[in-house]
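Okay, so here's the structure we're looking at.
The values are calculated or read from the model by the stated rules, or taken from the named source; none is laboratory data. Quick caveat: nothing in here was measured; it's all calculated off a predicted structure. Heads up, the Cβs are rebuilt from the backbone with ideal geometry, glycines too, and the neighbour counts pull from every protein chain shown. Side chains included, ligands, DNA and RNA excluded: accessible areas come from the protein's heavy atoms. Shrake-Rupley method; radii C 1.70, N 1.55, O 1.52, S 1.80 Å.
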Amino acid sequence: MAYRRIRLLAAALSAVALASTACSGGAGDDKDVALRMTVWTTDKNQLALFDSIAAEYRKAHPEVASVKFDVVPGDTSAYSAALTTQLSGGNPPDLAWILERDAPDFVQSGALTNLKPTLDAAAGYNAGELVPSATKLWTKDSGLYAYPFSTSPFGMFYNKNLLTQAGITETPDQLLASGRWTWDAAKQIATQVAAKDTGKAGLVIREFEYKQWVLLASVWRGFGADAWGPDGKSCGFTSPEMTSAMTFLHQAIFTDKALPGPGTTADFFAGESGLTIAQISRAGLLKAKPFEWGIVPLPAGPKAAAQVIGQAGIGVPVKGKHAKAAADFLAFFTNPANSAKLGQYFPPARDSLLNAATLAKANPLFSQEQLQNVVVNGIKTGAVLPSHTGSARIASLVQSALDPMWKPDANVPAALAGVCQAIDPALSR
């Protein structure tokens with residue numbers, strides 16, 4: 001299935017790139033424009049906000065008859081597959097929510113419209129305040145090919161009630177304040193929670209489930225490791241730093257029982273674990289306050305207190321029927337005022353909005369201190385999850401090669417060597 005998606009994506013982007021040389025992408029932008037944007041969310045409150053912004057836009061643009069937000073259900077793989085099918089099947093959306101893992105393929109292929117001229121020309125848009133760390137993934141040759149509308153750092157949520165029940169005397173917040181919030185400290189807390197007669201898990205890396213290996217970047221970057229080098233051509237899984245990080249993780253799972261092992265699931269937001277690594281946007285699941293909780297940045301490792309960001313961009317496919325109108329709507333959708341509204345769900349990439357006081361107005365679940373420590377500092381200093389051209393193929397190769405590691409008696413260095421052996425040909429292309 002993954003390889004089929006790879007072929008479809010390659011074919012779709014190739015076709016889109018060819019189409020961009022043959023047409024301007026602005027056909028049909030005169031009147032009765034019906035815009036459609038694919039989105040990866042089923043949240044009714046988020047969709048209602050999208051609709052309200054679109055309704056405001058249409059008041060000033062009578063030529064736009066409608067703006068539809070096309071919900072694509074399923075996980076990230078299902079969403080990417082559906083978007084790819086639309087692009088290759090002659091039914092491209094006018095705007096598309098694009099996941100960070102697919103960004104290199106979309107940006108490098110020429111499948112997306114350069115938004116920079118439109119954003120620079122939009123009155124009051126102030127494109128110059130977009131944070132460089134947030135736009136980096138979507139930039140090519142000084143052009144911006146998608147707007148990073150959701151730049152969501154990962155943090156460590158913790159269940160205060162469970163920690164107290166397990167006899168934990170210092171919370172992650174207290175450890176952070178004293179400069180002792182490290183991966184060793186987090187593992188110790190998780191081990192103690194799991195060892196006590198609570199019936200709960202220690203630490204859960206949300207959505208990892210021994211498949212979504214890219215989420216392990218939240219651990220290994222603190223050890224100075226990454227999946228590949230800056231040029232994307234050299235495998236990083238056999239580096240001493242990665243070996244150290246994955247050995248730490250393997251021991252935490254199988255020796256210390258700090259994390260649930262393969263085949264075991266636990267949902268922090270349902271009160272089933274003491275700690276979880278998740279994006280801050282997940283805090284909405286705690287709105288009913290099922291228990292007392294806190295959130296801190298990712299722990300420091302031996303090399304760095306590295307923070308990790310999950311990201312989504314909004315792009316305008318060049319193959320869309322209304323590329324010009326779509327880009328204009330995107331400029332309105334992401335202007336300073338609307339970015340502030342969207343900030344309650346999607347952390348903004350604008351410097352003027354990246355302060356705790358402003359974010360607190362739209363995010364009442366967090367304290368200003370939490371917003372500063374996790375969101376503001378995370379976006380300004382963090383790096384986006386690993387991504388690469390041919391991401392689906394590489395992801396499948398890494399997942400398969402890592403399978404031998406998820407056993408109690410695994411040879412960690414050998415498993416990591418197997419990963420590099422599997423992906424080296426794909427990286428060198």
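Yes/no per residue for (1) open to solvent by less than 10 Å² (accessible area, probe 1.4 Å); (2) of a type in the set (S, T, N, Q):
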| residue | (1), (2) |
| --- | --- |
| M37 | yes, no |
| A55 | no, no |
| A60 | no, no |
| G89 | no, no |
| L95 | yes, no |
| D105 | no, no |
| S109 | no, yes |
| A122 | no, no |
| Y125 | yes, no |
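Taking the stated definitions as given, is F237 touching a Ser or Thr at 6+ places or on another chain (Cβ under 6 Å), among the aromatic types (F, W, Y) and modelled with pLDDT of 95 or more?
Working: touching a Ser or Thr at 6+ places or on another chain (Cβ under 6 Å): no; among the aromatic types (F, W, Y): yes; modelled with pLDDT of 95 or more: yes.
Spelling it out, it is not the case that F237 is touching a Ser or Thr at 6+ places or on another chain (Cβ under 6 Å), among the aromatic types (F, W, Y) and modelled with pLDDT of 95 or more.
Which of the residues that make up region 127-137 are modelled with pLDDT of 90 or more, surrounded by 17 or more Cβ atoms within 10 Å (Cβ to Cβ) and not polar (S, T, N, Q)?
Residues of region 127-137 modelled with pLDDT of 90 or more: 127-130, 135-137.
Subsequent filtering for residues that are surrounded by 17 or more Cβ atoms within 10 Å (Cβ to Cβ) retains 127, 130, 135, 137.
Within region 127-137, A127, L130, L137 qualify.
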Identity of the residue in region 405-425, open to solvent by less than 50 Å² (accessible area, probe 1.4 Å) and outside any helix (DSSP H, G or I), that ends up farthest from K211 (Cα to Cα): A410
If we keep just the residues of region 153-194 that are surrounded by fewer than 15 Cβ atoms within 10 Å (Cβ to Cβ) and small (G, A, S), which is farthest from G310 (Cα to Cα)? G167
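Just to check your reading of the model, which residue among K319, K341 is assigned by the TED database to the domain that holds V64, open to solvent by 10 Å² or more (accessible area, probe 1.4 Å), outside any helix (DSSP H, G or I) and modelled with pLDDT under 95? Walk me through it before giving the result.
Values: K341 fails: outside any helix (DSSP H, G or I).
When all the criteria are applied, what remains is K319.
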Being within 16 Å of the chain's Cα centre (by Cα) and either open to solvent by 10 Å² or more (accessible area, probe 1.4 Å) or among the charged types (D, E, K, R) (or both) narrows it down to one residue among F346, F332, F366; which is it? F346
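Would you confirm, using the coordinates I've provided, whether A306 is in contact (Cβ under 8 Å) with a residue 60 or more places away in the chain, in a helix (DSSP H, G or I) and either in the same structural domain as G89 (by the TED database) or open to solvent by less than 60 Å² (accessible area, probe 1.4 Å) (or both)?
no
Return the only residue of A395, A383 being under 30 Å from V296 (Cβ atoms), at pLDDT below 95, surrounded by fewer than 17 Cβ atoms within 10 Å (Cβ to Cβ) and in contact with a Lys or Arg (Cβ under 8 Å, 6 or more places away or on another chain). First the steps, then the outcome.
On the way: A395 fails: surrounded by fewer than 17 Cβ atoms within 10 Å (Cβ to Cβ).
Checking each option against the conditions leaves just A383.
Return the residues of region 73-87 that are under 20 Å from A327 (Cβ atoms) and open to solvent by less than 20 Å² (accessible area, probe 1.4 Å); say none if nothing qualifies. Break it down into steps so the answer makes sense when it comes.
Within region 73-87, the first condition is being under 20 Å from A327 (Cβ atoms), and the residues that meet it are 83, 86-87.
Hits for region 73-87 are L83, L87.
Go through region 166-181 and report how many residues are among the polar types (S, T, N, Q) and touching a helix residue (DSSP H, G or I) at 6+ places or on another chain (Cβ under 8 Å). Steps first, please.
Residues of region 166-181 that are among the polar types (S, T, N, Q), as a first pass: 169, 171, 174, 178.
Retained after the next criterion (residues that are touching a helix residue (DSSP H, G or I) at 6+ places or on another chain (Cβ under 8 Å)): 171.
Matching residues across region 166-181 total 1.
Being at negative phi, free of Cβ contacts under 8 Å to residues at least 60 places away in the same chain and not hydrophobic (A, V, I, L, M, F, W, C) narrows it down to one residue among G343, G274, G315, G301; which is it?
On the way: G274 fails: free of Cβ contacts under 8 Å to residues at least 60 places away in the same chain; G315 fails: free of Cβ contacts under 8 Å to residues at least 60 places away in the same chain; G301 fails: free of Cβ contacts under 8 Å to residues at least 60 places away in the same chain.
Only one candidate passes the filter, namely G343.
Please work out if A426 is of a type in the set (G, A, S), over 26 Å from F154 (Cα atoms) and at pLDDT 95 or above.
Numbers: of a type in the set (G, A, S): yes; over 26 Å from F154 (Cα atoms): yes; at pLDDT 95 or above: no.
Against the criterion (of a type in the set (G, A, S), over 26 Å from F154 (Cα atoms) and at pLDDT 95 or above), A426 does not qualify.
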D141 passes all but one of the listed conditions (1) free of Cβ contacts under 8 Å to residues at least 12 places away in the same chain; (2) under 30 Å from V219 (Cβ atoms); the exception is number (2)
For region 218-267, give me each residue that is assigned to a loop (DSSP other than H, G, I, E, B), small (G, A, S) and within 23 Å of A422 (Cβ to Cβ). G224, A225, A227, G229, G232, S234, G236, S239
Which condition does A283 not pass, out of (1) open to solvent by 10 Å² or more (accessible area, probe 1.4 Å); (2) at pLDDT below 95, if it passes all the others? (1)
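So which residues in region 334-370 are under 16 Å from K116 (Cβ atoms) and among the hydrophobic types (A, V, I, L, M, F, W, C), if there are any at all? Break it down into steps so the answer makes sense when it comes.
The initial filter retains those residues of region 334-370 that are under 16 Å from K116 (Cβ atoms), namely 334-335, 349-350.
Result: A349, single match.
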Determine whether L359 is outside any loop (DSSP other than H, G, I, E, B) and assigned by the TED database to the domain that holds Y57. yes
Filtering region 87-100 down to residues that are touching a Pro at 6+ places or on another chain (Cβ under 8 Å) and either at pLDDT below 90 or within 19 Å of V384 (Cβ to Cβ) (or both) yields L87, A96
Residue check, D197 under 29 Å from K341 (Cβ atoms) and either surrounded by fewer than 20 Cβ atoms within 10 Å (Cβ to Cβ) or touching an Asp or Glu at 6+ places or on another chain (Cβ under 8 Å) (or both): no
